[in-house]
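Step one of this worksheet: look at the structure below.
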Ligand SMILES: C[S@@+](CC[C@H](N)C(=O)[O-])C[C@H]1O[C@@H](n2cnc3c(N)ncnc32)[C@H](O)[C@@H]1O
């Protein structure tokens, strides 16, 4: 059974040392070896056999706390080919794309394998993760990172070196896309997913977000997509000095999820209050088609027609600019 190592530190374990300033150092335990810091050497043998959470001291007397790295630590410190999914987003993907033990998940691209580790942990040995990666060099890095994390081959993992395609898959519970153009793969995802399955896309920019949501809507096989981002702000808590940290993990990416409809089902149209921007864009398109009409000229100039406001029922400011 694949479970993260527990119990006293053993030869071959990864250990994360934290110094008094909070700086982290990583080592793999090997008998007779020393770990060198600018504060003197530290013998691996001092750690082997000790429980996690022990304190070890370097030659100059600096104390280091020793733990095995958590997956969030591992994913940020491991070798990188492509940029990895940040832990805050991986947690959202596992939770809100509803990755469950035993699920069949398809992922592209595997990149450095960070998200693959999170997904494999979530599906477990009874599940399946099929990861596509089109760059052989990145696939090699992903394979190494995943194997190092699990201490060997994970029985639920299949890494396919190549472009994402349906590859005969028709029973996926979840499809997770972290790539430049997920909108190009919405049809393939729809073909792979079971009814009720979840498509989850992680994109970095608003333009990618808009194209992805539009592609999912226009494809017709998905219920209304949800889109969001998370900002993670740490807090400094020290006596009466309790305030947000000055630095935060702000923008990393946006997430989009959409549920696969049953075959042949057409989702009832969503009633949205037309937003200023959407109205202007639609009318500008109309203006391009029929430039001689008054309303179209207004729209092309970015003005909103009063009747349109009433019809939209936005009530002025409250509905403006919200895009829904
Ligand atoms: C941002 S990285 C993924 C990082 C990965 N999720 C992680 O956490 O380590 C995007 C990857 O998608 C791969 N990719 C892009 N388009 C692809 C496609 N159509 N099929 C397979 N892989 C693709 C790229 O080569 C790149 O390695």
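The values are calculated or read from the model by the stated rules, or taken from the named source; none is laboratory data. Source: prediction; values computed, not measured. Glycine also receives a Cβ, built like all others from the backbone with ideal geometry; neighbour counts cover every protein chain displayed.
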For this session: Can you tell me which residue within segment 155-170, out of those that are in contact with a helix residue (DSSP H, G or I) (Cβ under 8 Å, 6 or more places away or on another chain) and at pLDDT 95 or above, is farthest from residue 138 (Cα to Cα)?
Result: 170
Exercise. Out of all the residues in segment 161-170, is one or more in the same structural domain as residue 105 (by TED's automatic domain parsing), more than 23 Å from residue 83 (Cα to Cα), within 11 Å of the ligand (Cβ to nearest atom) and not in a loop (DSSP other than H, G, I, E, B)?
Worked result: no
Problem set entry | Cβ-Cβ under 7 Å pairs, at least 6 apart or on other chains, segment 123-145 side assigned by TED's automatic domain parsing to the domain that holds residue 107, far side assigned to a helix (DSSP H, G or I) | 129/116; 129/119; 129/120; 129/123; 131/116; 133/139; 133/142; 142/116
Problem set entry | Lone qualifier among 215, 226 - being without any contact (Cβ under 8 Å) to a residue 40 or more places away in the chain and in contact with a strand residue (DSSP E or B) (Cβ under 8 Å, 6 or more places away or on another chain) | 226
Exercise. Given the residues 152, 111, which is the only one that is at pLDDT below 95 and either in contact with a strand residue (DSSP E or B) (Cβ under 6 Å, 6 or more places away or on another chain) or in a loop (DSSP other than H, G, I, E, B) (or both)?
Worked result: 152
For this session: Return a yes/no flag: does segment 120-141 have any residue that is more than 22 Å from residue 24 (Cα to Cα), crowded, with 16+ Cβ neighbours inside 10 Å, under 11 Å from the mean Cα position of the chain (by Cα) and more than 12 Å from the ligand (Cβ to nearest atom).
Result: no
Seminar exercise, completed: Only one of (1) more than 17 Å from the chain's Cα centre (by Cα); (2) exposed (fewer than 15 other Cβ atoms within 10 Å of the Cβ) does not apply to residue 190, and that is (2)
Exercise. Does residue 93 satisfy the criteria of being within 13 Å of the ligand (Cβ to nearest atom), within 25 Å of residue 180 (Cα to Cα) and touching a residue at least 40 places away in the same chain (Cβ under 8 Å)?
Worked result: yes
Exercise. So how many residues does segment 173-185 have that are surrounded by fewer than 24 Cβ atoms within 10 Å (Cβ to Cβ) and more than 9 Å from the ligand (Cβ to nearest atom)?
Worked result: 2
Exercise. Hey, any hits in segment 58-78 for a residue that's more than 26 Å from residue 231 (Cβ to Cβ), buried (at least 19 other Cβ atoms within 10 Å of the Cβ) and modelled with pLDDT under 95?
Worked result: yes
Exercise. Which number in (1) in contact with a strand residue (DSSP E or B) (Cβ under 9 Å, 6 or more places away or on another chain); (2) at pLDDT below 95; (3) part of a loop (DSSP other than H, G, I, E, B) marks the one condition that residue 36 misses?
Worked result: (3)
Exercise. Only one of these conditions is not met by residue 98: (1) without any contact (Cβ under 8 Å) to a residue 40 or more places away in the chain; (2) on the phi > 0 side of the Ramachandran plot. Which number is it?
Worked result: (1)
For this session: Keeping to segment 114-149, report how many residues are farther than 20 Å from residue 179 by Cα and in contact with a strand residue (DSSP E or B) (Cβ under 6 Å, 6 or more places away or on another chain).
Result: 2
For this session: Specify which of the listed residues (49, 7, 12) is exposed (fewer than 15 other Cβ atoms within 10 Å of the Cβ) and more than 21 Å from residue 147 (Cα to Cα).
Result: 49
For this session: Could you please let me know if residue 72 is closer than 18 Å to residue 4 by Cα and either without any contact (Cβ under 8 Å) to a residue 24 or more places away in the chain or away from the ligand (no atom under 12 Å from the Cβ) (or both)?
Result: yes
Problem set entry | Condition broken by residue 185, with the remaining ones in (1) more than 21 Å from residue 76 (Cα to Cα); (2) over 19 Å from the mean Cα position of the chain (by Cα) satisfied | (2)
